[in-house]
1. Pull out the extension gain between residue 241 and residue 422, defined as 0.36 nm times the separation in residues minus the alpha carbon to alpha carbon distance; nm, one decimal.
2. Tell me the angle of helix 244-256 to the major Cα principal axis of the chain, expressed in degrees between 0 and 90 and rounded to the nearest ten.
3. Once the Cβ-Cβ distance between residue 48 and residue 94 is put in as r, and R0 is 25 Å, what FRET efficiency do you end up with, to the nearest 0.05?
4. Any chance you could give the angle, 0 to 90 degrees and rounded to 10, that helix 79-94 forms with the longest Cα principal axis of the chain?
5. Rounded, prolate or oblate, given the Cα gyration tensor of segment 285-362, with a/c below 1.5 counting as rounded?
6. To the nearest 500 deg cm²/dmol, what mean residue ellipticity at 222 nm is calculated for the chain from DSSP H runs of n ≥ 4 alone, each contributing -39,500 (n - 2.57), summed and divided by the residues?
7. Could you put 244, 252 in order, starting from the residue whose Cβ has the fewest other Cβ atoms within 10 Å?
8. Mind giving me the nanometre distance, one decimal, between the label points for residue 191 and residue 170, set 7 Å out from Cα along Cα→Cβ?
């Protein structure tokens, strides 16, 4: 355990170096950034055996700590996942560079040409849990958008994150660039996060990705602006006019394809007019896939023997093969439920009623609202942004998947021909 004074000094020095580096990184050419990103991808693949060896240390610790199967799944690195991390960096290298892009140029009555230019935010601190692949994803996006990044992953992924960070930093050195553009915490103490959150002069933005406890901790301690990547309590509402075969396939995909991700469905809302017809079929489909069902009293009348959903279940991001089901009177009760228990992440309606579809799109204010499609589509790649840093549930600055553009801000630029203000 480090002394508190030493810990504070180390965190401040890390932030100072990141800030200093952010100035030259903001002006680095697109070509130089892309070459470095391709080098990072190559080195991750070359060091696959080393990464898996370090990841096994985390898995062993996770098993000893009795982490859930969902958490262990998020923690595990495989050759395929390392390949995906590398391909993600290559994908970022192929994306257009937003830095320096001029948007909204217009001519004022006095002849001034006024527009906005995209610029990096500066230094971004990212605090996240479990998934070591986030380390590479975050570095790629922050680097391409001209931002220095300070990464603090969960202690459960300590060895994996350190290994990935070391590999990526070495690539910058190889290309004659400052490795201080990528800072990976080697502190597991919670006090290190608290110190980081006080450094508003060095760090421009904090992005926390994780559970409710982490988000509340960051929001309660940060002097730095925060964009929350909060839990995904995602809903699907099956309306009375829904194509029930379509609804079955969508719900199955939303829950079962990858249950340990933030855009998987956690609560199914079913119109009372189709509950008796739809619920037995979907329940049989889910149970064959190993999904545990929890229902409201009306649901339990149709599905005998399932667990009763408690009040806390409606707020829960299970990240597992567990689903809460509620029968509702109609679209108004469905939207009321979402407003009360949702996390502003992702909601979908399955319906053939155009008016209900439009109401749902207008009145449900989550970061992504879908009609007749799986919640799993709230993803940067699927929505055409390319890679993403995560899914913001904060309405200010960025709402929904954060790609390269969302990691920049804009400044006004003005062209004149000698104009003075009267």
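1. Values: separation 181, 0.36 × 181 = 65.16 nm, distance 6.28 nm.
Full-extension gain reported as 58.9 nm.
2. 50
3. So, using R0 = 25 Å, E works out to roughly 0.65.
4. Roughly 60 degrees, rounded to the nearest 10.
5. Details: a/c = 1.76, a/b = 1.57, b/c = 1.12.
Since a/c reaches 1.5 and a/b is larger than b/c, the shape of segment 285-362 is classed as prolate.
6. -13500 deg cm²/dmol
7. Numbers: 244 14, 252 18.
Listed from fewest to most nearby Cβ atoms, that is 244, 252.
8. 3.3
Since every read-out is calculated from the coordinates, none of them should be taken as a lab result. Because the structure is predicted, anything quoted here is derived from the model rather than measured. Neighbour counts run over all protein chains shown; Cβ positions are idealised from the backbone, glycine included.
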